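The values are calculated or read from the model by the stated rules, or taken from the named source; none is laboratory data. These figures come from a predicted structure and were not determined experimentally. Ideal geometry is used to build each Cβ from the backbone, glycine not excepted, and the neighbour counts take in all protein chains shown. Ligands, DNA and RNA are excluded from the accessible area calculation, which covers all protein heavy atoms including side chains. Shrake-Rupley method; radii C 1.70, N 1.55, O 1.52, S 1.80 Å.
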Amino acid sequence: MPFSKLGLSDELLKAINEQNYSAPYPIQIEAIPAILKGKDVVGIAQTGSGKTASFVLPILVLFQKTNQSTKNRHVKVLILVPTRELAIQIKAVFNDLGKYLPSKTKSLAIYGGVSINPQMIELQSVEILIATPGRLLELVSTKAVALSAVQLLVLDEADKMLNLGFKEELDKIFKLLPAKRQTLLYSATLSKEIETIHKNLLNQPI
Ligand code: AMP
């Protein structure tokens, strides 16, 4: 199965080619068409499986910039990650794979351990936000960002987020999201806690 059969645009295929991805990995073959159809997805995937591109590519298709006006500071896509390193890495994949798209959808990575002020300013007109849970809640509490217009939620490395003690923050964030949305859950392991999240947050996932 080549990438060209997965419902991606020529601009994305050109960027994929430049990354020297010769064929999609199994998780990409399964997840990309499902996400494009609007389905919820659970991916049990380790780092190195190609999980990042399996959600970045369809997000770039679904959230190509439209003329539809977005309320300022209301993000459409929220990607929750356990660490600053992962947030930066995912942002780089959005840049690499989205580089030939005719109109850019603005994405931003936010994380703790650095000054909050530049992030507050940068959040203007961001549509795709990649965030660690604690810093996200700080930015929500200062009204630098709102989550009431999120259409797609990704929980990446969900098991690691729970292992790092983010359960309480995650529960607070989930309460701020609209009920009607698409949700993608990625985890290296399927523990009891992950199954609870999966049961409570996802709707008939693939
Ligand atoms: P990830 O599992 O998302 O951390 O990705 C692991 C690595 O695999 C990254 O360096 C990607 O650039 C690379 N990668 C992702 N998809 C493919 C593919 N289809 N073919 C070759 N390399 C890939």
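Structure notes:
- Normalised contact order of segment 59-172, rounded percent, pairs of Cα under 8 Å and 6 or more residues apart: 39
- Local net charge near Lys160, Cβ-Cβ under 15 Å (Lys/Arg +1, Asp/Glu -1): -3
- Peptides 142-150, 15-23, 126-134, ordered by how many other C-beta atoms sit within 10 Å of their residues on average, highest first, read 126-134, 142-150, 15-23.
- Carbon-plus-sulfur accessible fraction, segment 153-206 (probe radius 1.4 Å, protein heavy atoms only): 52%.
- Per residue, segment 153-197 exposes an accessible area of 51 Å² to a 1.4 Å probe, with every protein chain left in place.
- Carbon plus sulfur fraction of accessible area for segment 1-77, probe 1.4 Å, in percent: 48
- Here the 3J(HN,Hα) profile of segment 174-179, calculated from phi with Karplus coefficients 6.51, -1.76 and 1.60 at θ = phi - 60°, is 4, 5, 8, 8, x, 5 Hz, Gly and Pro shown as x.
- Most fluctuating residue given options Val154, Val140, Val114, as computed from a GNM of the chain linking Cα atoms under 10 Å: Val114
- Summarising the label geometry, the points placed 7 Å from Cα in the beta-carbon direction at Lys199 and Phe63 lie 3.0 nm from one another.
- Cα coordinate range in segment 75-135, projected on the principal axes (Å, largest first): 34, 22, 17
- Volume per residue for segment 11-122 equals 124 cubic angstrom (convex hull of Cα atoms).
- Equivalent-ellipsoid semi-axes of segment 9-55, from the Cα gyration tensor, Å, largest first: 19, 14, 7
- Largest-first principal axis extents of the Cα set of segment 63-206 (Å): 42, 34, 27
- Here the Karplus curve 6.51 cos²θ - 1.76 cosθ + 1.60, taken at θ = phi - 60°, turns the phi angles of segment 152-161 into couplings of 9, 10, 10, 9, 9, 6, 4, 4, 5, 4 Hz, with x standing for Gly and Pro.
- Segment 47-121: relative contact order in percent, alpha carbon pairs under 8 Å with at least 6 residues between: 40
- Karplus 3J(HN,Hα) series, Hz, for segment 54-59 with 6.51 cos²θ - 1.76 cosθ + 1.60 (x for Gly, Pro): 5, 10, 5, 4, x, 4
- Gained length - Lys14 relative to Arg84, 0.36 nm times residue gap less alpha-carbon distance: 22.3 nm
- Modelled this way, with points 7 Å down the Cα-to-C-beta line, the labels at Ser141 and Thr70 are 2.5 nm from one another.
- Here the contact order of the chain, divided by its residue count and restricted to Cα pairs under 8 Å and six or more residues apart, works out to 26 percent.
- If R0 is taken as 25 Å, the Cβ-Cβ distance between Glu168 and Ile121 corresponds to a FRET efficiency of 0.35.
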